[in-house]
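Below is one structure, written out as structure tokens; comments come after it.
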Protein chains: 2
Amino acid sequence: MAARPARPRIATAAAANGADSASVWREGRKRLRDHAVKRDAVIQTAARAFRENGFHNTSLDAIAAQLEVTKPTIYYYVANKEQLLFECFVAGLQPILTALRDQKTSTAPARERLNAVLRQYAQAVASDFGWCLVRAEHQDLSAPMSSQVRALKVEIDQGIRRLLKDGHKDGSIAPCDVKMTAFALAGALNWIPHWYREKQALSAAQIADAFVAIFEEGLRPRAARRS
Amino acid sequence: MAARPARPRIATAAAANGADSASVWREGRKRLRDHAVKRDAVIQTAARAFRENGFHNTSLDAIAAQLEVTKPTIYYYVANKEQLLFECFVAGLQPILTALRDQKTSTAPARERLNAVLRQYAQAVASDFGWCLVRAEHQDLSAPMSSQVRALKVEIDQGIRRLLKDGHKDGSIAPCDVKMTAFALAGALNWIPHWYREKQALSAAQIADAFVAIFEEGLRPRAARRS
DNA sequence: GCAAAAACCTACCAGCCGGTAGGATTCTAA
DNA sequence: TTAGAATCCTACCGGCTGGTAGGTTTTTGC
């Protein structure tokens, strides 16, 4: 158990964009000293690797190589492989949760609030962490970590259900089976990592808009139409 | 490579229902001789195990134990672990494909044909093979097998898109982005294995109906209503 | 300049698990 | 009854990979 400074939960934008995460490490020959940034780089790199090869097909050696570092170095930033996956979960869920919490203070019609959340949701699952959010197996986490992740997911689910109910009240959303609708929405979005590729023509936001349109209008032709 | 009789692709109903697949093996003390049935039992048991513990967390010894058999016996029915996964894929996809092909001869409105397919789809993903269809990683299959599975999945996707287009023509489905709608539909259904448990109140068919209703009606309130 | 902390590496271990060799048992056909 | 096929088991191997021990290098604080 190496002593570590207070750990940041959210991957910094600095670590998020760089194509080669190794640049975070050495700057010329100088050994950099920012623990938090490097830790985030480790997690980010792991997420990408998991997405490409799956959790079990990704060795810690491979992640280390990607960072141009050796395996034990990873253990300097993270307790074990399991925690690596856990951090990916959390980092991926965070933006959705904050989007959801932000909407609680809004006074806009529920349908609009829901759409805003869904847009953020789409962006999250389309990110490098998307794989972890959606495809990673809970069995690969120990009981305590698994239940933590589960709790976060439940919060998201409940948040969406609440927005749907609010929509029923304020009339912006047609009456429907709240539970099933939440599942359908989440399912459609969660499936994005299966087919979306970075280079795709559509951005995550555009995908979200397309889905929102589909869910709002419905497949059965409407009698009257308004633009 | 042990010589095997012509291999059946579809899991027999006999093997599908039994709670303990071991009953397929011994009947009293008599050693049964039906290769096909036992092979299906192996696949079925594997599917269940994969669903519960994931592919990589399921050892062949565990599957063998479930069947009250030793590991080498499994190799008598299947070449290796990879093929085991492959067969689960195929067994799960089959009913969806047949449903899709059946609809090609139908003259009903496309929306109804689509709904019929979706209902079968829901049943498939809710089955023991659902996990494989949706959560198993293609990286765990070799290139040839992976592309075979991918081809089947593409066929399903294309089939759904075609039904949507047909619906546009015959007026039973409102104009929409076909590709995105197909993704949304598939995603909603594919998410079922994540939350559905056997003991759930709703049957797979009921879930399908609920989803169909949501997708048909849409979330935006409709002006006129007809029951 | 020097001690202490931080960051990182080399070298290694051990358990798990997919896969196999080769033989034993049981059934079927004749 | 018996040959041969079908079915299954015991015993084993070896590679991969998560994880660690313990030392080395670099940086910081003073």
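Once you've got the Cα coordinates, tell me which of A:Lys81/A:Lys179; A:Lys81/B:Lys179; B:Lys38/B:Lys81; A:Lys199/B:Lys179 are over 27 Å apart. Checking Cα-Cα distances, A:Lys81/A:Lys179; A:Lys81/B:Lys179 exceed 27 Å.
Helix-only arithmetic for chain A: the sum of -39500 (n - 2.57) across DSSP H runs with n ≥ 4, divided by the residue total, places the mean residue ellipticity at 222 nm at -20000 deg cm²/dmol. Among the GluC sites (Glu not before Pro) in segment B:169-227, those located in a DSSP loop and surrounded by at most 14 other Cβ atoms within 10 Å of their own Cβ are B:Glu198. The other copies place their B:Gln139 label points at 1.8 nm from this one, listed shortest first, where each point is 7 Å from Cα along Cα→Cβ. Annotation for segment B:77-160: GluC sites (Glu not before Pro) lying in DSSP loop with at most 13 further Cβ atoms inside 10 Å of their Cβ do not exist.
Placing unit charges on the Cβ atoms of the charged side chains and taking the dipole of segment B:48-161 about its Cα centre, the candidate lying farthest along the positive direction among B:Ala151, B:Leu85, B:Gln139 is B:Ala151.
The string of couplings for segment B:214-220 from the Karplus curve (6.51, -1.76, 1.60, θ = phi - 60°) is 4, 5, 5, 6, x, 8, 6 Hz, one whole number per residue in order, with x for Gly and Pro. With a cut-off of at most 11 other beta carbons within 10 Å, and DSSP calling the residue loop, which trypsin sites (Lys or Arg not before Pro) in segment B:165-200 qualify? Please list them. When the trypsin sites (Lys or Arg not before Pro) of segment B:165-200 are filtered for loop state and at most 11 Cβ neighbours within 10 Å, B:Arg197, B:Lys199 remain. Compared with the dominant Cα axis of chain A, that is its longest principal axis, helix A:110-126 is turned about 30°. Alpha-carbon geometry of the protein assembly as shown: the Rg and the Dmax are 23.9, 74 Å, given in that order. Compared with the dominant Cα axis of chain B, that is its longest principal axis, helix B:81-103 is turned about 40°.
Based on the reciprocal of the average 1/r between different C-alpha atoms, the Kirkwood radius for chain B equals 19.2 Å. Between identical copies, the spacing of B:Lys169 label points, each set 7 Å from Cα toward the C-beta atom, reads 4.8 nm from nearest to farthest.
Expressed as a fraction of 2.2 N^0.38 Å, the C-alpha radius of gyration for segment B:112-227 is 1.17.
How fast does segment B:157-209 diffuse by Stokes-Einstein, in µm²/s, taking the Kirkwood radius from C-alpha pairs at 25 °C and 0.890 mPa s? Translational D for this selection: 196 µm²/s.
Computed over segment B:31-133, the percent of Cα pairs more than 23 Å apart is 37. Any idea what angle helix A:35-53 forms with the longest principal axis of chain A, computed on alpha-carbon atoms, 0 to 90 degrees, nearest 10? So the inclination is approximately 70 degrees. Given springs between every Cα pair under 10 Å in a Gaussian network model of chain B, which of B:Ala188, B:Ala46, B:Ala122 has the largest fluctuation? Per the Cα network of chain B with a 10 Å cutoff, B:Ala188 tops the list. Label-point spacing at B:Pro72 relative to the other copies reads 4.2 nm, in ascending order, each point sitting 7 Å out from Cα along Cα→Cβ.
Computed from the coordinates by the stated procedures, all read-outs in this text should not be read as laboratory data. Only a predicted model underlies this, so the values are computations on that prediction, with no experimental measurement involved. Because the Cβ atoms are built from the backbone with ideal geometry, glycine has one as well, and the counts that use them run over all protein chains shown.
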